[in-house]
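Inspection log for the structure reproduced underneath, given as C-alpha cells.
Read-outs: derived from the displayed coordinates by stated rules, not from any lab. All values reported here derive from a predicted model rather than from experimental measurement. We place every Cβ from the backbone using ideal geometry, glycine too, and count neighbours over all the protein chains shown.
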Amino acid sequence: MTRKGVEAMPEQDAVLLAKIAEQLGKAPVASYDSENKLVFLVLNTKTCPHIPEEVWDCSTLQELRLGGFQLDQFPADIAKLTQLRSLRILNSTIGAFPATMQALSHLEKLEGYRAHLEDITALCRLPALRILQLKQCGLRQLPSEIGQLQRLEVLELSQNQVMQLPSTLGELEQLQKLDLSSNPLEDLPEELYQLHQLQELNLWHTGLREVSPLLGRLTTLRLLLLGWTQLEELPVEIGHLAALTGLNLDRTSLRTLPASLWELTGLKVLMLGHTPITSLPPEISGLANLTALYLSGSGLTTLPAELWELSSLKILYLNELGLRELPPEIGRLTNLETLSVRRNLLQGLPAEMKKLEQLKTLDISENPLVELPTFLANFPRLEGLDVYDLPQLRIPPRKVIMQGMDAVLEYLRKRKASGKE
C-alpha cells in the first residue's frame, strides 16, 4: 500500500477525502493498492462527534481505523463497505453496532480499545470474523449468539466487566486464543472445556477461586495464565496438558502443587512468584526443558538441590526469598542469561558463578554485600548490572557505582589486574 498526495488520487477519492478532512479539521491518513484503489483509511478526531458520511462512499476500503468518535450507535451505512477486512475503533463511544453489520461478509478482524460498548450482538453475525479484540470497552456480558462465530480463532476481552460467560462459548470450535483477563469472572461454564483447538487461555486477574478438573480436556493448550486470582488448588488433571509450555501462577493462593505438574516435561516457563508455596519437590528436575523460572516473593525458605539441575534455564528470578547464600551448584546453569536475586541476605557470591558465561543481566541489589567479586567483569555478554541499593558495599566505592555499569566493570578489571581478587 502507498500513500498519495491529492494530485495523485482518483478525482472521486480526492473529493471525498477533502470533505472528510474539512469535518475532521485535518487530513485523514489514506493508502492505495497497486490498482490505485483506496484500501486503507485512518480517522482520528477530538472535535468531530460523528463519523463523516463520506466515509461510507469509500467502497473499496479494506481497512478502517477510527479514533475519538462519540456515538449512540454505530452508523448503519457501514454496510456499504462490503470489501472491509479490518475495523479498529479506539477511544470512542459506540453504544451498539447495527444489524447491517452482517453485510460485511469479508470482515476478518474487529478491534476495539477503550471503545465503550453496551451490546455486541450484531457482531455475532459476521460470517468471516476470525479475530475479535474488545479491550477496556465496558462490556458487562456476552450475548449467547457468540457461538455463531464459527470461524473465530481469537477472542480477547481483557479489562471489561464481564461476570458470566454464556454456555455457547463452547461452540467456537476454531478458537485458539481466549483472553478473559481483568474481568470479575468467578467461574467458567463447563462448555468452555470443549474448545479442543484452544492454545492460549488467559484468566489473569479474574475472580476465579477454583479450576474444574475438566481443564484436563484442553490437551492443545500451550499457555495458561491463572495469576492474580484467589486460586487455592490446582486439579490433578493439569498433568494431562502435555502441550503446555507456559504456566503463570503468580500471586495466587496456592500452597501446594499437584504431583502431576512435574510431569509436564514440555513446560518452558513457570511463574510461582508471590505465592505462599513453601517448598518445591525433587521432581522439579523433571522439567528439563524449563527456560524461565520465577520464584520471587514466594513462601520458599530453601531451594531444592534439583533446581540447579535445570540446565536449560535462561531466566531465573529469586528476589525476596531471604536467601543467605547461593550454592556453588549455580555454576551448572551455564545457559543462564538473566539472574535476579534482589532483596535477599546475600553477603557474597560463589566463585562458581564465573561459569555463567551467557549471562546478560544480573541484579544483586538490596543485599548486604560488602565487596563485589572481580569475576563480574569477565562476563562477555553482560548488558545490565544492577548493584544499586547496597548500603554496606565498600568495594567498589559509591562514587564508582554512581557512574554506572561500565565504570563498575572497569574498576573490577583494574582491581583484578592489580592482584586484588
At R0 = 51 Å, FRET efficiency that the Cβ-Cβ distance of THR278 and GLN102 yields, to 0.05: 0.40
Euclidean distance between Cα centres, the range 335-378 to the range 194-223, Å: 37 Å
Sequence of ARG222, ARG413 once ranked by neighbouring C-beta atoms within 10 Å, starting from the fewest: ARG413, ARG222
Acute angle (nearest 10 degrees) that the helix 405-417 long axis makes with the longest principal axis of the chain, alpha-carbon atoms: 20 degrees
Exposure proxy order (Cβ contacts within 10 Å, fewest to most) of THR275, THR291: THR291, THR275
Unsatisfied cross-links (Cα-Cα over 20 Å) in the set LYS37/LYS80; LYS314/LYS360; LYS268/LYS314; LYS46/LYS109; LYS80/LYS177: LYS46/LYS109; LYS80/LYS177
Sites GLU352 and GLU53 - FRET efficiency at Förster radius 60 Å, r taken between beta-carbons, to 0.05: 0.25
Potential extension, THR361-LYS414 segment - 0.36 nm per residue separation minus Cα distance: 16.9 nm
Those aspartates and glutamates that a straight Cα-Cα span of less than 18 Å connects to LYS399, excepting residues fewer than 8 apart in one chain: GLU366, GLU371, ASP386, ASP389, GLU410
Protection-proxy order for peptides 170-180, 300-310, each taking the mean of Cβ atoms within 10 Å per residue, highest first: 170-180, 300-310
Reported label for calculated Cα Rg over 2.2 N^0.38 Å given (1) 1.01; (2) 1.26; (3) 0.95: (2)
222 nm mean residue ellipticity, helices alone, for the chain (DSSP H n ≥ 4; -39,500 (n - 2.57); rounded to 500): -2000 deg cm²/dmol
Order of ILE89, ILE78 - criterion: other Cβ atoms within 10 Å of each residue's Cβ, fewest first: ILE78, ILE89
